Amino acid sequence: MEQPYVIVGASLAGAKAAEALRAEGHGGPVELIGEETELPYERPPLSKGYLQGKTPRAEFDVHPAAWYAEHDVTLRLGTRVTAINPRARTVELADGTRTGFAKLLLTTGASPRRLPVPGGDGPSVLTLRRVGDSERIRSALRPGARIVIVGAGWIGLETAAAARLAGAEVTVLEMAELPLLRVLGREVARVFADLHRQKGVDLRFGVQVAAVEDGGVRLGDGTLVPADAVVVGVGISPNTALAEAAGLTVDNGVRTDEHLRTSHPDVFAAGDVANAFHPLFGRPIRVEHWANALNQPATAARSMLGRDAVYDRVPYFFTDQYDLGMEYTGYVEPDGYDRVVFRGDVEGREFIAFWLSGGRVLAGMNVNVWDVTDPIRELVRSGRQVDADRLADPDVPLAELAG
Ligand SMILES: Cc1cc2nc3c(=O)[nH]c(=O)nc-3n(C[C@H](O)[C@H](O)[C@H](O)COP(=O)(O)OP(=O)(O)OC[C@H]3O[C@@H](n4cnc5c(N)ncnc54)[C@H](O)[C@@H]3O)c2cc1C
């Protein structure tokens, strides 16, 4: 009997991989195994429209329920994989049964980090990764409710926006001096600080959380910040346990080459869990964003089928907070740039920010300015030096600079 192509992790990357295998003409059995009981779904609405009660649940399934049978994909939901054995080509399930595989793809994603303080993993502490998490948080977002959010990253800030829109009193506690400091740097991070302050969020920077107690969050200086609900958004860790136990190379995620092949030739990885060698940057990067989980699976599927494929897309992500919509194209390490150039109206929050190093654009972020990601991507990809004055000048078409 022909062994299946098995995909472990039935979320965006897993479902797109099943789709890509069929699109590539693979006719053999495909099994998509996931521990969640929901059909594979997209997560961005969980901290935006769905959290705000605006986006219906049915709108963010990756595929409609019928798609899996129509494409002869065996979808095994509510099924946890407890071990993988690349040498024997088997995966072991929580019920003790085993399934063989011809090729294996790991799309196990990531899980929220916990707060390493007393009470940090208590039942009243909410994190946001799954549909159920979003529903639990939403039920706490009532007018006047005191919501304390620990961590001013994307999840924390989007949750803060949803909570304010619901009329809650919101306090954000952040260890660093600004929100999103590691991703955006100080020049641009302040845009998000200003936005949330103007919307009435109590932003507290440079604070240490010492404990989560019944009445709220205790800070390092002894202050109690009262809370009806505490939401923790302090980052995620890739779900690498299966790979590690199987002896695959793991280093900030499952290491893969540019073909998304792991250290075992029959095992591949994609999405949030993959720390994949990126030809444009000349080193592995792990991208925790929707577009990466959407697009990497096509490369993984081709590689699994023995076809030539390299993943070299420029990273891209987006956020929506209140009336601010943003897209970010590129990749910059916290100390990886020497200059930020703005084009447009920063105070009016309608602008593009560019991060440069040695005159080359590493990343661009458009805020309430649309249809510019193509030229920004070209600017990043080309690696050519640009004139900063022309970059800052809205009258110079970006396509001309990318040229
Ligand atoms: C609330 C929220 C908002 C977001 N908003 C944005 C946004 O605005 N823009 C953006 O670019 N990105 C956003 N993201 C990030 C984006 O959703 C992720 O990059 C994407 O979900 C990654 O998909 P994935 O399939 O790689 O992993 P995941 O979505 O983490 O899925 C992995 C799946 O594997 C399952 N699994 C793990 N281990 C096992 C096992 N042993 N056995 C069986 N199943 C297993 C998990 O249960 C899970 O279902 C957001 C994420 C969250 C949580």
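What follows draws every value from the coordinates through simple rules; no lab data is involved. Computed from a predicted structure; not experimentally measured. Here Cβ is always computed from backbone atoms with ideal geometry, including for glycine, and neighbour counts include all displayed protein chains.
What's the FRET efficiency of R360 with E2 using the Cβ-Cβ distance as r and R₀ = 41 Å, to the nearest 0.05?
0.25
Loop-only GluC sites (Glu not before Pro) in region 1-50, please: DSSP not H, G, I, E or B, and at most 13 other Cβ atoms within 10 Å.
Answer by residue number: E2.
On a full-extension model of 0.36 nm per residue, what is the gain between R57 and A245, subtracting their alpha-carbon distance, rounded to one decimal in nm?
This chain segment gains 64.2 nm when fully extended.
Name the long-range amide H neighbours of L105: under 5 Å, sequence gap of 5 or more, or other chain; modelled H, no Pro or chain starts.
V6, I7, V8, F268
Counting other beta carbons within 10 Å of each residue's own, what order do V254, V30, V231, V346 fall into, fewest first?
V346, V30, V231, V254
Which whole-number percent gives the relative contact order of the chain, counting Cα pairs below 8 Å spaced six or more residues apart?
RCO, the chain: 14 percent.
Taking the Cα centre of the chain as origin, sum charge times position over the Cβ atoms of Lys and Arg (+1) and Asp and Glu (-1), and report the length of that vector in debye to the nearest 20.
My answer is approximately 620 debye.
HN-Hα J couplings of region 111-125 from phi, Karplus 6.51/-1.76/1.60, θ = phi - 60°, integer Hz, Gly and Pro as x?
10, x, 6, 9, 7, x, 9, x, x, x, 10, x, x, 7, 8
Along the charge dipole of the chain, Cβ charges K/R +1 and D/E -1, which of N85, T240, A102 sits furthest on the positive end?
N85
Net charge near L77: determine it from the other residues with C-beta under 14 Å of the C-beta of L77, scoring Lys and Arg +1 and Asp and Glu -1.
Taking every Cβ under 14 Å from that of L77, the sum is -3.
For the residues M326, M1, M304, what sequence is obtained by ranking on other C-beta atoms within 10 Å, fewest first?
If I rank by nearby Cβ atoms, fewest first, I get M1, M326, M304.
Quick one: Cα centre-to-centre distance for region 278-334 and region 51-111, in angstrom?
Between the Cα centres of region 278-334 and region 51-111 lies a distance of 21 Å.
Count neighbours as other Cβ atoms within 10 Å of each site's Cβ, and list the trypsin sites (Lys or Arg not before Pro) in region 336-403 that are DSSP loop with at most 14 such neighbours.
Filter output for region 336-403: R384.
Where both partners of a DSSP beta bridge lie in the chain, what percent of those bridges are antiparallel, to the nearest 5?
60
Under 5 Å between amide H atoms, partner at least 5 residues away or on a different chain: which partners does G235 have, H built in plane at 1.01 Å?
R113
Could you give me the ³J(HN,Hα) list for region 211-219, computed from phi with Karplus coefficients 6.51, -1.76, 1.60 and θ = phi - 60°, whole Hz, x at Gly and Pro?
Calculated HN-Hα couplings, in order: 6, 10, 10, 4, x, x, 10, 8, 8 Hz.
Show me, for region 321-327, the HN-Hα J-couplings you get by feeding each phi into the Karplus relation (A = 6.51, B = -1.76, C = 1.60, θ = phi - 60°), rounded to Hz, glycine and proline as x.
9, 6, 9, 9, x, 9, 10
Would you mind computing, in nm to one decimal, how far apart the modelled labels at N252 and R142 are, each placed 7 Å from Cα along Cα→Cβ?
My value for the distance between the label points is 4.4 nm.
How big is the antiparallel share of DSSP beta bridges in region 114-232, given as a percent to the nearest 5?
30
Tell me, rounded to the nearest percent, the portion of alpha carbon pairs in region 114-232 spaced more than 21 Å apart.
32
Ignoring everything except DSSP H segments at least 4 long, calculate the 222 nm mean residue ellipticity for the chain; use -39,500 (n - 2.57) per segment, divide by total residues, nearest 500.
For the chain, the value works out to -7000 deg cm²/dmol.
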